[in-house]
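Okay, structure first, notes after.
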Amino acid sequence: MFPLPKKGSEYVEAKLLGEGVSDILIRHEGDVIRITKLNCKDGDDPRDLVNIPVSQILIDDHTQRNLDPGKIERMRRAGRAENGTDEAVLWELFETPTIAQRDDDRWVAIEGQHRIQLLREEHPDSRITCTVAPGGKMSEARIAYLIQLLRKPHTPYERYEQRLVDGEPYAVAVNAALEEVGLYASPRTVLTAPGTTQIGAVSVLDLLARRAGSPAEGQRVLAQTLSVMSRAFAGQAGVWQASLLRAVGEIILRNEDKVDLRRLYDKLQASTANEWVSVAQHRRFNTQAFEVIAREIIDAYNKPASYSRPISWQ
């Protein structure tokens, strides 16, 4: 590293990395430290990096979508929960934002505005490292739009797999319940083959496990739900449709102290899986499909009226 002459308020340093490697120029532009690669070869990443006070980054809703206070609060809660302290910024998940420098030298957020805003609220005097969008080819708004358009979110199955590998207790409970009944999760969301042992509705499994209150209880409720459905609809198509799975799981969750699983199995097998699902086609506005199916199953379970241990939706 060797110094180059000062130029106004700018102080420049450079590092020669060797033949065939882009040299690095480090400029101190006021409070901003900017790293530029010189003599980039074809295929080299041409973007600069800057380390900048977070207070100097403009968030412009003409470039990005409007800030979502709810999202910022969720990030804050998640950071504190993961850190186990009052620290809301979780740097392990703090991807480098993308910013651009305007003609008037102001810096504006292109991608990552919620991360930037969280940092501004929690640590207003902090500094952050950002990637600088190359200028000249695209507008700020178009860069922001394309970043979001081309970013593919993880599917529920991919999130489940990542949590399972990490040993997250509810994902482990879901996996254990599936193995107990001889089933497994699938990345495919629509599975209609008769007798399939694959379940694509992993988000429903996760929801039911969490509603049970603990991973152990979640595993037990899921195993009961999956076992009853496997037996009632053996060899049928459409067994693991999300709405039907949620309906049966909710019935067991809400009536744990009185539901007779054998009676539930008998009532379920009186119709096919697809017939149970079809009752939700004419549901009332703002009523979810799984609730309509569950209430229909409960009505069948409680017949005849003389049955002494009825179950309910409440």
### Task
Could you please let me know if ALA247 is modelled with pLDDT under 95 and surrounded by 15 or more Cβ atoms within 10 Å (Cβ to Cβ)?
no
### Query
So GLU179 fits all but one of (1) at pLDDT below 90; (2) loosely packed, with under 15 Cβ neighbours inside 10 Å; (3) within 26 Å of ALA232 (Cβ to Cβ); what number is the exception?
(1)
### Message
Of everything in the range 80-127, what is touching a residue at least 24 places away in the same chain (Cβ under 8 Å) and in a helix (DSSP H, G or I)? Give them in sequence order.
### Response
GLN113, HIS114, ARG115, ILE116, GLN117, LEU118, LEU119, ARG120, GLU121, GLU122
### Query
Going by the structure shown, is GLY18 modelled with pLDDT of 85 or more and over 22 Å from LEU146 (Cβ atoms)?
no
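For the range 43-59, give me the residue count where each residue is closer than 15 Å to ARG120 by Cα and either in contact with a strand residue (DSSP E or B) (Cβ under 8 Å, 6 or more places away or on another chain) or of a type outside the set (Gly, Ala, Ser) (or both).
First, the residues of the range 43-59 that are closer than 15 Å to ARG120 by Cα: 51-59.
Now restrict to residues that are either in contact with a strand residue (DSSP E or B) (Cβ under 8 Å, 6 or more places away or on another chain) or of a type outside the set (Gly, Ala, Ser) (or both): 51-54, 56-59.
The qualifying residues number 8.
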### Message
As an exercise: evaluate ARG231 against (1) touching a residue at least 40 places away in the same chain (Cβ under 8 Å); (2) charged (D, E, K, R); (3) assigned by TED's automatic domain parsing to the domain that holds SER186 and give the number of the one condition it does not meet.
### Response
(1)
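For the structure I just gave you, tell me whether LEU253 is part of a helix (DSSP H, G or I), within 25 Å of ARG210 (Cβ to Cβ) and free of Cβ contacts under 8 Å to residues at least 40 places away in the same chain.
For LEU253, the condition - part of a helix (DSSP H, G or I), within 25 Å of ARG210 (Cβ to Cβ) and free of Cβ contacts under 8 Å to residues at least 40 places away in the same chain - is not met.
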### Message
Testing LEU264 on (1) farther than 18 Å from ARG220 by Cα; (2) over 30 Å from the mean Cα position of the chain (by Cα); (3) surrounded by 23 or more Cβ atoms within 10 Å (Cβ to Cβ), one condition comes back false. Which one is that?
### Response
(1)
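The values are calculated or read from the model by the stated rules, or taken from the named source; none is laboratory data. Only a predicted model underlies this, so the values are computations on that prediction, with no experimental measurement involved. So basically every Cβ, Gly included, is an ideal-geometry build from the backbone, and we count neighbours across all protein chains shown.
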